[in-house]
Structures are given as C-alpha cells and as structure tokens.
Amino acid sequence: MAKAEPKVSKSKKSGKVRFCIVGMGIGRPNGRALMGDERGEIVALCDLQEARMKDFAKEIPNKVKFYTDYKKMCKDSGIDAVFVGTPNQWHVPVALEAVRNGKHVIVTKPLSDSEDAAKELVEEVEKAGLVNMMSLGTRYSAACQHLGKLGREGYFGDFYYARARSVRRIGIPDWNLGFIEKGGGAFRDMGVHVLDAVWWIMGMPRPVAASAAAGAKFGPVGRGYWGGKVPPKKFYTRFTSDDYAGGFVRFENDIGLIVESFWASHQPGEFQIELFGTEAGAKLSPLTLYRTDDNKEENLPVKLPAQKQGFSLMAEEFIAGVLDGGEVRAPLRHGLVVQQMIEAILESGETGKEVPIDAAM
C-alpha cells in the first residue's frame with residue numbers, strides 16, 4: 001500500500017485537533033467519538049439544514065461555527081481536520097476541497113460513489129501528505145480487531161475462503177435521495193461494512209475479479225422501506241440503484257469470498273462474517289473460533305473484555321496520526337481498493353459477466 005508522510009499539523013501547538021463535522025446523520029456518532037477523545041475538539045459543523053446543526057450543537061460543550069457552504073468552511077484556518085459524512089455522491093467533492101485547503105480528512109464509508117472519483121481523492125491526499133482515514137465502525141469493532149490480530153499472528157493458518165453478509169428484512173432508507181439514486185444503493189451502504197471488515201481480517205489479499213448478481217426488486221415499487229413506511233411515489237420512482245447484490249470475489253493465491261447485501265428481503269436480518277483457514281475458522285456473531293485437533297472438534301466461544309472500539313478507537317487513532325505521527329491503519333487507499341471491489345460487483349451484476357479488478361495496492 002502506498003503510504004504518505006503526514007505533514008506536521010499546526011494543531012500540535014494547542015495539543016488538540018480542531019474538527020468540522022460535515023453531515024448531521026452519520027456525523028453525529030463520529031463527532032461524539034472525536035470530541036470524546038481528550039485531544040479532539042469540534043469547532044464547526046456543516047450541513048444544508050441549520051436546524052440539524054443547532055440540534056447537534058447542544059451536545060458540544062464549546063461554541064461552534066455553522067456552515068451551509070462546504071467550500072467556505074474549508075477556507076477556515078481554525079479547522080485542522082474535516083469529517084465527511086454526506087451522501088456518497090458528495091464524499092469526494094467535500095474531501096477534495098478540504099485537502100486542497102490543507103485539512104486532514106476522515107471519510108465515512110464508502111469512499112465514493114465511483115472508482116474514478118475515489119482514485120482522484122487518494123492521489124491528491126497522498127501527494128499532499130495529509131493524514132487521511134476511512135471511518136469504519138465494523139473494522140474497528142472489538143470482535144473484528146480480535147480476529148484480525150489472530151489472523152496476523154497465524155492462528156488461522158492461511159485463509160482460503162470467507163463468507164460475509166449484511167441482510168435486512170425491511171430497511172431501505174427513505175430520508176435522503178442520495179441513498180437510492182445512482183451512486184447509492186444497498187451494497188455501497190451495507191455491503192461495504194462486511195466487505196471491508198472481512199478483507200482486512202484476511203490480511204488484505206489482492207482482489208483479482210468479481211462475478212455477481214444485483215438489482216432492485218422492492219425499492220422501485222415502494223416496498224421494503226425503513227419501518228414499513230411507504231414513501232411518496234415521487235420519492236421511490238427515483239430509485240436507480242441496487243437494493244440487493246451478491247457476488248463472488250477472487251483474490252490472489254486462490255482465496256475466495258462470497259459477499260451479500262440486502263436492504264429488503266423475505267429473510268431474517270443478519271450481519272455475519274465466516275472465516276475459513278487451514279488451521280482454524282471463525283464466526284463473527286456470536287464470536288466463535290473453530291478448530292479440529294487430533295480429529296477432535298473444538299468450538300471456542302470468545303468473550304472479550306470491555307475496551308475502546310468502533311468510532312472511539314478510530315478517533316483515537318486518527319488524532320494520534322495528526323498530533324504524534326502515529327500509524328493510521330485504515331487510510332483512504334484501503335477505501336479505494338474496497339471501492340474497486342464494490343464497483344466490480346455492481347458492474348458484474350449489471351452486465352452478467354465477470355469483471356477484472358486492477359487493485360490499487
């Protein structure tokens with residue numbers, strides 16, 4: 001993986017990283033984690049709706065600025081870093097503007113709505129030498145971190161196969177057109193969680209190709225929406241993305257992955273990762289390890305101690321990257337490789353053909 005040398009931040013002088021949170025949806029839990037770190041401070045919020053900013057500002061102990069124009073926000077010299085939590089289609093425009101104004105950036109998943117846009121952002125942020133990170137609550141969960149650690153220690157032997165799925169019975173988002181229009185969809189919204197996590201746990205093997213099926217069976221006809229609600233016809237008739245996708249990703253060294261994502265289905269909800277290694281296997285939920293020693297089967301439930309995880313662990317790591325030059329283990333380049341897998345899966349679902357992947361690793 002290409003790795004940029006981060007610039008020394010002006011925030012080192014104050015001992016804090018001053019953040020702007022863009023987007024008051026996923027921005028709220030990420031913002032809470034960032035200001036929950038003793039070295040993080042939210043100094044500005046950015047959203048199209050001022051009422052949403054005012055509501056979140058009630059949780060922030062200090063006074064904050066409000067911006068409805070992200071370009072003006074990015075010119076604010078009092079901001080060191082920007083969290084981008086907009087709809088997919090705006091991740092790259094906002095993050096690029098931040099980078100071009102010398103801001104470190106965190107971007108919620110997925111990195112973008114297309115591979116080309118994701119590449120442009122990664123190239124610019126690495127050239128600028130700014131600290132950059134994907135916000136990945138699943139990868140940074142305690143269970144995934146534990147499995148990743150075991151994998152790197154050789155507990156599983158060689159990974160050769162995995163299954164990952166994120167399934168809702170009823171759960172198409174109805175609060176923003178960005179979710180359902182071109183560049184949105186179930187796989188970029190939900191499939192990205194399990195795809196990124198299982199890829200990281202397995203040691204980030206190089207993807208080679210993908211073959212998949214994808215489409216929309218519920219969203220375009222007003223069915224399967226969050227909470228069982230039926231949105232206005234003028235909303236659901238603009239559905240131009242996927243509400244399901246399932247595919248097979250081939251990696252180097254004959255590693256295979258089945259990955260599935262459904263916004264709506266006649267199946268119970270599920271969020272699961274299953275790992276197959278030459279020495280052991282595992283399941284994410286409930287966290288369980290599987291071994292066979294001397295032909296004796298062993299099922300080993302794992303109970304992890306209370307610890308920092310998810311967005312809190314991500315916040316700590318990003319802030320340390322800015323202030324201390326510490327390693328950021330989920331740079332935007334990782335998000336680019338995951339984006340390439342996502343786009344290959346969706347393209348295969350559309351064309352019915354296997355799609356090669358030229359991984360940017």
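The values are calculated or read from the model by the stated rules, or taken from the named source; none is laboratory data. The structure displayed is predicted, hence computed values, not measured ones. For neighbour counting, all protein chains shown are included, and Cβ atoms are generated from backbone atoms with ideal geometry for every residue, glycine included. Remember, those area values only see protein heavy atoms, side chains included, never the ligands or the DNA or RNA. Shrake-Rupley method; radii C 1.70, N 1.55, O 1.52, S 1.80 Å.
Points to keep in mind about this one:
- Flag if residue 93 is open to solvent by 10 Å² or more (accessible area, probe 1.4 Å) and within 14 Å of the chain's Cα centre (by Cα): no
- Test for residue 228: is it under 22 Å from residue 354 (Cα atoms), open to solvent by less than 70 Å² (accessible area, probe 1.4 Å) and not polar (S, T, N, Q): no
- Looking only at residues in region 203-232 that are basic (Lys, Arg) and either more than 22 Å from the chain's Cα centre (by Cα) or not in a loop (DSSP other than H, G, I, E, B) (or both), the one that is farthest from residue 276 (Cα to Cα) is 229.
For (1) assigned to a helix (DSSP H, G or I); (2) hydrophobic (A, V, I, L, M, F, W, C); (3) more than 19 Å from residue 187 (Cβ to Cβ), each residue gets a yes or a no:
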residue: 105; (1), (2), (3): no, yes, yes
residue: 110; (1), (2), (3): no, no, no
residue: 151; (1), (2), (3): yes, no, yes
residue: 156; (1), (2), (3): no, yes, yes
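- Considering region 324-353, and only residues there that are of a type in the set (Asp, Glu) and closer than 16 Å to residue 184 by Cα, the residue that is nearest to the chain's Cα centre (by Cα) turns out to be 343.
- Any chance residue 165 is open to solvent by 20 Å² or more (accessible area, probe 1.4 Å), closer than 21 Å to residue 271 by Cβ and outside any helix (DSSP H, G or I): yes
- Positions within region 253-307 being open to solvent by 80 Å² or more (accessible area, probe 1.4 Å), small (Gly, Ala, Ser) and at pLDDT 95 or above, in sequence order: none
- Restricting region 350-361 to residues that are more than 11 Å from residue 248 (Cα to Cα) and not in a loop (DSSP other than H, G, I, E, B) leaves a set whose member that is least open to solvent (accessible area, probe 1.4 Å) is 351.
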